[in-house]
Every structure is written in structure tokens, then in C-alpha cells.
1. Take the alpha carbon gyration tensor of region 41-113, find the square roots of its eigenvalues, order them as a ≥ b ≥ c, and report rounded if a/c is under 1.5; if not, report prolate when a/b exceeds b/c, else oblate.
2. Test of understanding: what is the full-extension gain from Ser77 to Ser53, defined as 0.36 nm times their sequence separation minus their Cα-Cα distance?
3. So how much slack lies between Ser70 and Asn39, counting 0.36 nm per residue of separation and subtracting their Cα-Cα distance, in nm?
4. Measuring from label point to label point, each 7 Å out along Cα→Cβ, what is the Leu112 to Val63 span in nm?
Amino acid sequence: MIYIYFFIFIFIYNVFVSRPWLFDICYFVKHTFSLDILNNKLVESAKMIGAGSATVGVAGAGVGIGSIFSGFLTAFSRNPSLKKDLFVFTLLGFALTEAIALFALMMSFLILFL
């Protein structure tokens, strides 16, 4: 029974009193991650998160384009004689919606590379 108490005492002393593992971890962190490298990694990860968030506009533009052509098909099926006028307005809506997607993509690339 005394041996069990002795091993428990040695374990507690090594873990909580002498703490050799704590000095090893501190040495590893201090010499592995300098402040410049860590700061650069944080900036790069923030750029990636920002660029990914900026591309949400591309998905919105895809939904908008689908809605535009859905409206065109609905209007065309109700009144086929207005095909030419409807198609002109559909292409105009498509171009404006696609421009919004390109602006979102451009902002994403600006965040990434500047």
C-alpha cells in the first residue's frame, strides 16, 4: 500500500510541482511561432474568410438570373406575341444581374491579393 502512495506522490510532484512538460511546451511555442509569422498567418486567414464571404454575391446573382429567365418563360407562355420585347428586357436584366456577380467576384479578388 505504501508503494501506491509513493507513486501517487511522484506523479503529483512531477505534474504539478516540477512541471517539466510546461517548460517544454513554452519552449516549443516560443521558438516555433514568432510574432511576425503568427501575425502574417492571422492576416492571411482573415483574407481567406473575407474573400469567401464576398463570393456570397455570386450565389445571389445566380438566383437572380434564374428568376429573370423564369419570369421570361412565364410571360412568354402567357403572351407569345411579345417574344421580341420580352427577350430584350430579359437580356438587359441578365446583363445587370451578371454585372453584380462580377462586382462581387472582383471584390473577392481584391481582398485576396491586395
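1. Because a/c hits 1.5 or more and a/b exceeds b/c, region 41-113 counts as prolate.
2. Length gained, Ser77 through Ser53: 4.9 nm.
3. Full-extension gain reported as 6.3 nm.
4. Between Leu112 and Val63, the label points sit 2.3 nm apart.
Taken together, the values in this text are just the output of simple stated rules run on the coordinates, not laboratory data. Predicted model only: the values in this text are computed from it and were never measured. Quick reminder, even Gly has a Cβ in these numbers, built from the backbone with ideal geometry, and neighbours come from all protein chains shown.
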